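Undergrad: Would you mind keeping the following structure in view while I ask a few things?
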Amino acid sequence: MKPHTRSSAKGSMFLPAIFVMMLVALVVFGVLPSAQNIVKTRFAIEELEADLKEQKLLRPIYLALQQRKKKSPPEGISVNELQPLKIADLAELPEVFESLARESDVELVSATPQVRSLQGGREMLLIDARMRGDFFTFNNLLNRLNEMRFIESIETFSIDVTDLGNEMSLSVWLAIK
């Protein structure tokens, strides 16, 4: 008997087919994902370069603002150290707001403490105040408010024109202890 021999056509096609399949698998599973990662990395680098250029442009502006921030405030604006009111002194708040209005040439319509602002153990009290007067005297009032050391911040401020004249409404946070 003759030993089994392969036909030369089948044998000659089998090895190149396996080689081509391995080459295709290498390209599909190795080269294409790497190429996609390279494109993503290139895009990320371009974004970072754009951010860097923007930061280089904005850095001098930022440094100038930092220098300006270190300077003293403009004339007419004072920066006072906050000195909280004692809870025992809260009973005198109506007189404080009345004298503030009188010194600023405005009429105090109302000054209402918002008791709910004290909930949760806060150390601040919200006061809603309404005052009536000439528009230009409100500037005096705001300057005097700025000088009060127990004023934490002004939350809202509005000026309304009514039949009785100009009315200013403001909500002020007072520091208390």
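Undergrad: For the stretch 117-143, give me the residue count where each residue is in a helix (DSSP H, G or I) and either farther than 19 Å from P84 by Cβ or among the acidic types (D, E) (or both).
TA: Number of matching residues: 7.
Undergrad: Are any residues in the stretch 156-165 in a strand (DSSP E or B) and at pLDDT below 85, and if so, which ones?
TA: T162, G165 - these are the residues of the stretch 156-165 that are in a strand (DSSP E or B) and at pLDDT below 85.
Undergrad: Quick check on my filter: what residues within the stretch 1-17 are at pLDDT below 60 and surrounded by 10 or more Cβ atoms within 10 Å (Cβ to Cβ)?
TA: Within the stretch 1-17, no residue meets the criteria.
Undergrad: For V20, state whether it is at pLDDT 85 or above, over 30 Å from E152 (Cα atoms) and either polar (S, T, N, Q) or surrounded by 10 or more Cβ atoms within 10 Å (Cβ to Cβ) (or both).
TA: Considered against the rule, which asks whether it is at pLDDT 85 or above, over 30 Å from E152 (Cα atoms) and either polar (S, T, N, Q) or surrounded by 10 or more Cβ atoms within 10 Å (Cβ to Cβ) (or both), V20 comes out as yes.
Undergrad: Need pairs with beta-carbon distance below 9 Å; first residue surrounded by 10 or more Cβ atoms within 10 Å (Cβ to Cβ) and among the small types (G, A, S) and within the stretch 40-63, second at pLDDT 90 or above and part of a helix (DSSP H, G or I); sequence gap 6+ or separate chains.
TA: none
Undergrad: So if I check each of S153, S169, which one is farther than 30 Å from K69 by Cβ, hydroxyl-bearing (S, T, Y) and outside any helix (DSSP H, G or I)?
TA: On inspection, the qualifying residue turns out to be S169.
Undergrad: I'd like to verify a number: residues in the stretch 29-56 that are aliphatic (A, V, I, L, M) and modelled with pLDDT of 90 or more, how many?
TA: Count: 5.
Undergrad: Failed condition for L90, given (1) more than 22 Å from S169 (Cβ to Cβ); (2) surrounded by 10 or more Cβ atoms within 10 Å (Cβ to Cβ); (3) touching a residue at least 60 places away in the same chain (Cβ under 8 Å), with all others met?
TA: (1) is the only condition that L90 fails.
The values are calculated or read from the model by the stated rules, or taken from the named source; none is laboratory data. These numbers were taken from a predicted model, which means no experiment stands behind them. Cβ coordinates were reconstructed from backbone atoms using ideal geometry, including for glycine residues, and neighbour counts include every protein chain displayed.
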